[in-house]
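Right, one structure below, let's go through it.
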Amino acid sequence: MLNLFKFKGGVKPPTNKTQSLGRPIAVAPLPSRLVVPLHQSIGGTPRPVVQAGDKVLKGQLIGEADGWISAAVHAPTSGTVVAVDMHVQPHPSGLDALCVVIEPDGRDEWTTRVPVDHRALAPEEVRERLQQAGVVGLGGAVFPTHGKLTPSKTVPMQELVINGAECEPFITCDDLLMRERADEVVRGIGIFRDLLQPEKVLIGIEDNKPEAAAAMRAAVQALGESFEVVQVPTLYPAGGAKQLIRVLTGKEVPASKRSTDLGVQCFNVATAYTAWRALAHGEPVVSRLVTVTGNVAEPCNYEVLIGTPMAEVLKLGRPHPDTDGIVMGGPMMGFLVPDGEVPVVKATNCLIAHSERLFPPKAPEMPCIRCGSCARACPHELQPFEMYWFARAKNFGKTQEYHIFDCIECGCCSFVCPSRIPLVQYFRFAKSEIWAREREKKAADTAKTRFEFKQLREEREKAEKAEKLARAAAAQAAKKAAEAAAAAGEAAPGETAAAVDAETDPKKAAIAAAMARAKAQREAAPPRNTEQLNAVQQRELDEIEARRQAAGISPAAPAEKTE
Amino acid sequence: MSHYLFILVGAVLVNNVVLVKILGLCPFMGVSKKLETAYGMGAATTFVLTMATGASYIIDHLLLTPFGLEYLRTLSFIVTIAAIVQLTEMVIAKTSPTLQQTLGIYLPLITTNCAVLGVPLLNIANGHNFVESLLFGAGSAVGFSLVLILFAGIRERIEGADVPTHFRGVAIAMVTAGLMALAFMGFAGLDKYQ
Amino acid sequence: MELLLAIAVMALGAVVLGAALGYAAIKFRVEGDPLVEKIEAILPQTQCGQCGYPGCKPYADAIAKGEADINLCPPGGMEGVQRLADLLGREVKPLDAEEKPKQVAIIDENTCIGCTLCIQACPVDAIVGAAKQMHTIIAGQCTGCELCLPPCPVECIRMEAITENIDNWKWKYPVVEIKAAAPQKAA
């Protein structure tokens, strides 16, 4: 049996998981309209490759990955693209972002799926296929999976940690996935194992999910794999990647380092499942499991198409009439979505019907009494009360000294705070202010370099112009001398010229001749876009010239400057 | 030997220049908004004050007292201090630009620090010899730095506190300084065996 | 007699100290001013010239020399003034102009006649185009300095405030709610 480690702190909120565990995974019906946001993963925003009016098939590419850390987006069902425009996002800001709106045709017709055997492909090709299939971390962080599948060149990969802990209350989608589709999850883990070549593979599952652990063990055995299924103590946030790595391997990953640098990598079970579907079945990520729970009559897990409006998904669970909002994610880290129309995205693992009965409004914030409860609860051994103090005073330098960027915003500190201070909100505020400042600093630095370069270029151009003028003057003098010689000479003009060239300075004359040729060429070549004009265009052009004259710009001046 | 120790401890804690003698309040209030600047100011003042006590002792004993010009003390000391501050700034600018950057404009401000003038005058009033003068100067400077840094640390935290609107800024800083002075009174008697 | 002595002593001190300082001034001369760099790091580098100096560096020079006030930089805003005041130990003064939100220039490409005047005016080379060809702004590099506005003969450039989007959205400072938030309606 594996020797388990412990992380400091953590809390034990009521798990509320049994409600949604009673029913098997159901498939959500096709919605009337799908709004698929293009930016569903960390990194670059995918570029839309469809237009309004296009017919798309299920699984067809609609957003092309932009850069390496970015993942493609696909049509969740067959139908017609109605629009590519801005829609409100499942994001705490409630702001809009670019989405592809699809009207389903009801046939749910797949595009051609190309199953591959990942063992027959080069690792780079597997990673590229995962990117093309839009496989991202489904635990909530939605980091493009292919970006995590490159082992460190210097540090040997020791452990591959598979996260099935699912520590957040209410959420059961990973639990049910492991119970019902353990076989495919294990096969997916096999892909990650083949790419990363770790010494061992550890599947961490919280000990309040014995059925899931049993199903996974059975699947591992049936497939003859050597993965170890480990039951970890139920303690929020054991499902945080850093916490699970700590519990299973004893390694601590600081904010400044990647986990591969410590020879460990972590994936969610749902990610493994989608990776397997993407490669072995050629199915890109177009749906995901979503727990519908909270203030509903029939809590259940649904397989929901990406882009389905959340209100429609929630309706499946028959919410009670006093429902007054939807929380995306769990009660610890989730947030109230701005509108019921926001779509389900790859990060949506749970929808909780919110009501005042279930989540009574928090009593007002009281002053910090420095009791230290938050520091005891913090799983990262930070000092939330100190970070809070300085975040409140907007002293961001100090918050960084107290390692605010190691904070994973798990909400343990807010949970235990006897003064009910929304600590995490202060930390998010401080973090986004620091990021904004860094962006500004970067913009200022680029502006400075560009300004300095422009000045340098202007200086250089000035110098070059002066040089050119000097050369032209010299050439003129040489030409005059040649003409004078030609006028005076009796021999053939060609000979005379040659003779004079030889007499004066052959090099100079050659330069002068070349410059004369270049000048003639320049004069002969008209501006490229002004040839073959029709009458209308010519008239417009004349008008523009007239305007320029009126504005006091001679037509030659700007052209010369851009040379 | 213990006599020197008493002078040192007495200058640092018991007769602290800022909180007990109420000298040098200008930089104490002005440069205590941030810990970093407080460190710089403390270091610079320590250097200048020690130098100034030494130099003023020499000037007083070699120049002023022999000629009976004691009434010129204030004038000549100020000139000396100003020159030392200038000199220090130039040397630091040349030798350690990073230190100069951290100290910034606080270096020339030391000239106006009345503790730097007060300590040499107190030296003479107390009849200290050269070593005693230097110890007293250094001790006072350390005492100054100590309370400046403590005070800056407190003020940084006050920034985040719920201070009533009318007390914000210098007002609450004054109250804090008063409380600190009360606390330092607790050191009285520490050197009663002197 | 005593008066003369006093004057002599003070004069002697002055000469000695003056000589020492003069010597030090030559011996420890430092080229350049590190303060200018620090000031420049605070300035927003829009190079807009709204301070009356041709760029951020000249303004930083002027501040360091004590010729310019610290409240002349509108793009830096009140926060910039505050940071300059902290650095220089000067009093915080209200900004000398109105504080504007961050902007970006937009060229109306239908009206643009391709005169290249704005290209020459742009301090950070954020406009692309050639003579008699349409010009356009590289929005990511535009500092919103408005220097391209006056030279345009057809007034085809306008400034637009940068609106908040998901990428530059910031978490707000948590405020204490006096009463419970209005219940949100689930659709």
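Every residue, every condition in (1) within 20 Å of residue A:289 (Cβ to Cβ); (2) in contact with an Asp or Glu (Cβ under 9 Å, 6 or more places away or on another chain); (3) touching a residue at least 12 places away in the same chain (Cβ under 8 Å), yes or no:
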| site | (1), (2), (3) |
| --- | --- |
| A:168 | yes, no, yes |
| A:175 | yes, yes, yes |
| A:190 | no, yes, yes |
| A:205 | yes, yes, yes |
| A:223 | no, yes, yes |
| A:226 | no, no, yes |
| A:235 | no, yes, yes |
| A:239 | yes, yes, yes |
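Can you confirm whether residue A:381 is part of a helix (DSSP H, G or I), among the acidic types (Asp, Glu) and farther than 23 Å from residue A:335 by Cβ?
Details: part of a helix (DSSP H, G or I): no; among the acidic types (Asp, Glu): yes; farther than 23 Å from residue A:335 by Cβ: yes.
Judged against the criteria, residue A:381 is not a match.
Go through region B:56-86 and give me each residue that's more than 17 Å from residue B:114 (Cβ to Cβ) and of a type in the set (A, V, I, L, M, F, W, C).
B:58, B:59, B:62, B:63, B:64, B:67, B:69, B:72, B:83, listed by residue number.
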Open item on the list: I need every pair where a residue in region A:411-434 that is at the interface with chain C (Cβ under 7 Å from one of its Cβ atoms) and under 13 Å from residue A:333 (Cα atoms) has its Cβ under 7 Å from the Cβ of a residue that is in a helix (DSSP H, G or I) and not charged (D, E, K, R), sequence separation at least 6 or different chains.
Closed with: A:422/A:414
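Every residue, every condition in (1) modelled with pLDDT under 85; (2) β-branched (Val, Ile, Thr), yes or no:
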site	(1), (2)
B:37	yes, yes
B:59	no, yes
B:63	no, no
B:70	no, no
B:97	yes, no
B:118	no, no
B:127	no, no
Task: Candidate set from region C:19-32 (those that are modelled with pLDDT of 85 or more and out of contact with any helix residue (DSSP H, G or I) (no Cβ under 8 Å at 6 or more places or on another chain)); member that is farthest from residue B:72 (Cα to Cα) - done: C:23
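Does any residue of region B:131-151 turn out to be small (Gly, Ala, Ser), under 22 Å from residue B:18 (Cβ atoms), within 14 Å of chain C (Cβ to nearest Cβ) and touching a helix residue (DSSP H, G or I) at 6+ places or on another chain (Cβ under 8 Å)? Quick ask: steps written out before the conclusion?
Looking only at region B:131-151, we keep the residues that are small (Gly, Ala, Ser), and these are B:133, B:137-141, B:143, B:145.
Still in the list and also under 22 Å from residue B:18 (Cβ atoms): B:133, B:137-141, B:143, B:145.
When the remaining residues are screened for being within 14 Å of chain C (Cβ to nearest Cβ), the result is none.
Within region B:131-151, not a single residue is small (Gly, Ala, Ser), under 22 Å from residue B:18 (Cβ atoms), within 14 Å of chain C (Cβ to nearest Cβ) and touching a helix residue (DSSP H, G or I) at 6+ places or on another chain (Cβ under 8 Å).
Among the residues of region B:112-149, count how many are surrounded by fewer than 18 Cβ atoms within 10 Å (Cβ to Cβ) and out of contact with any Cys (no Cβ under 7 Å at 6 or more places or on another chain).
Of the residues in region B:112-149, 10 are surrounded by fewer than 18 Cβ atoms within 10 Å (Cβ to Cβ) and out of contact with any Cys (no Cβ under 7 Å at 6 or more places or on another chain).
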- [ ] Go through C:132, C:102 for me and flag whichever is facing chain A (nearest Cβ under 10 Å) and either surrounded by fewer than 18 Cβ atoms within 10 Å (Cβ to Cβ) or on the phi < 0 side of the Ramachandran plot (or both).
- [x] C:102
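Within the bounds of region A:329-339, is there any residue that is part of a helix (DSSP H, G or I), assigned by TED's automatic domain parsing to the domain that holds residue A:189 and in contact with a strand residue (DSSP E or B) (Cβ under 7 Å, 6 or more places away or on another chain)? Give the steps one after another, and end with the answer.
First pass over region A:329-339, keeping only residues part of a helix (DSSP H, G or I): none.
The answer is no; no qualifying residue exists.
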Task: Positions within region C:112-153 being part of a loop (DSSP other than H, G, I, E, B), of a type outside the set (Ser, Thr, Tyr) and without any contact (Cβ under 8 Å) to a residue 24 or more places away in the chain, in sequence order - done: C:114, C:125, C:126, C:129, C:130, C:131, C:132, C:133, C:138, C:140, C:141
Open item on the list: Tell me the residue from C:62, C:85 that is over 9 Å from the mean Cα position of the chain (by Cα), part of a helix (DSSP H, G or I) and within 14 Å of chain B (Cβ to nearest Cβ), please.
Closed with: C:85
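Name the residue, out of A:142, A:84, A:101, that is assigned to a loop (DSSP other than H, G, I, E, B), assigned by TED's automatic domain parsing to the domain that holds residue A:327 and within 19 Å of residue A:38 (Cβ to Cβ).
Numbers: A:84 fails: assigned to a loop (DSSP other than H, G, I, E, B); A:101 fails: assigned to a loop (DSSP other than H, G, I, E, B).
Among A:142, A:84, A:101, only A:142 is assigned to a loop (DSSP other than H, G, I, E, B), assigned by TED's automatic domain parsing to the domain that holds residue A:327 and within 19 Å of residue A:38 (Cβ to Cβ).
Tell me the residue from A:174, A:207 that is more than 25 Å from the chain's Cα centre (by Cα), closer than 25 Å to residue A:3 by Cβ and at pLDDT 90 or above, please.
On the way: A:174 fails: more than 25 Å from the chain's Cα centre (by Cα).
Answer to the selection: A:207.
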Open item on the list: Go through region A:271-320 and report how many residues are within 14 Å of chain C (Cβ to nearest Cβ) and either assigned to a loop (DSSP other than H, G, I, E, B) or among the aromatic types (Phe, Trp, Tyr) (or both).
Closed with: 5
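With the condition being in contact with a helix residue (DSSP H, G or I) (Cβ under 7 Å, 6 or more places away or on another chain), I'd like the helices (runs of 4 or more DSSP H) fully within region A:164-262 carrying at least 2 qualifying residues.
Values: elements: A:173-196, A:210-222, A:241-249.
Output list reads A:173-196, A:210-222.
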- [ ] Select from region A:335-359 the residues that are closer than 18 Å to residue A:300 by Cβ and crowded, with 21+ Cβ neighbours inside 10 Å and list them in ascending order.
- [x] A:344, A:348, A:349, A:350, A:351, A:352, A:353, A:354
Task: Filter result (surrounded by 19 or more Cβ atoms within 10 Å (Cβ to Cβ) and within 26 Å of the chain's Cα centre (by Cα)) within region A:184-195 - done: A:185, A:188, A:189, A:190, A:191, A:192, A:193, A:195
Open item on the list: Tell me yes or no: at least one residue of region A:120-134 is in the same structural domain as residue A:248 (by TED's automatic domain parsing), over 30 Å from residue A:79 (Cα atoms) and either in a loop (DSSP other than H, G, I, E, B) or among the polar types (S, T, N, Q) (or both).
Closed with: yes
Open item on the list: Go through (1) modelled with pLDDT under 85; (2) surrounded by fewer than 19 Cβ atoms within 10 Å (Cβ to Cβ); (3) not in a loop (DSSP other than H, G, I, E, B) for residue C:35 and report which single condition fails.
Closed with: (2)
Open item on the list: If I ask for residues that are over 17 Å from residue A:270 (Cβ atoms), within 11 Å of chain C (Cβ to nearest Cβ), touching a residue at least 60 places away in the same chain (Cβ under 8 Å) and in contact with a Leu (Cβ under 9 Å, 6 or more places away or on another chain), which ones from region A:328-351 would you list?
Closed with: A:337, A:338
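Check B:90, B:174 and return the single one that is touching a helix residue (DSSP H, G or I) at 6+ places or on another chain (Cβ under 7 Å) and part of a helix (DSSP H, G or I).
Working: B:174 fails: touching a helix residue (DSSP H, G or I) at 6+ places or on another chain (Cβ under 7 Å).
When all the criteria are applied, what remains is B:90.
How many of the residues making up region A:196-215 are of a type outside the set (Gly, Ala, Ser), surrounded by 19 or more Cβ atoms within 10 Å (Cβ to Cβ) and more than 19 Å from residue A:249 (Cβ to Cβ)? Walk me through it before giving the result.
At the first step, the residues of region A:196-215 found to be of a type outside the set (Gly, Ala, Ser) are A:196-203, A:205-211.
Among the residues that remain, those that are also surrounded by 19 or more Cβ atoms within 10 Å (Cβ to Cβ) are: A:196, A:198, A:201-203, A:205-206, A:209.
In the following step, the residues that additionally are more than 19 Å from residue A:249 (Cβ to Cβ) were identified as A:209.
The qualifying residues number 1.
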TODO: Kindly indicate whether residue C:104 is in contact with a strand residue (DSSP E or B) (Cβ under 8 Å, 6 or more places away or on another chain), in contact (Cβ under 8 Å) with a residue 24 or more places away in the chain and among the aliphatic types (A, V, I, L, M).
DONE: yes
Open item on the list: Of all residues being under 16 Å from residue A:88 (Cβ atoms) and among the acidic types (Asp, Glu) in region C:159-176, which is nearest to the other protein chains (Cβ to nearest Cβ)? Just the residue, please.
Closed with: C:164
Task: Lone unmet requirement of (1) within 14 Å of another protein chain (Cβ to nearest Cβ); (2) crowded, with 19+ Cβ neighbours inside 10 Å; (3) among the aliphatic types (A, V, I, L, M) for residue A:34 - done: (1)
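The values are calculated or read from the model by the stated rules, or taken from the named source; none is laboratory data. Since the structure is predicted, the reported quantities are computational estimates derived from the model, not experimental observations. Here the Cβ is made from the backbone with ideal geometry for all residues, glycine too, and neighbour counts use every protein chain on show.
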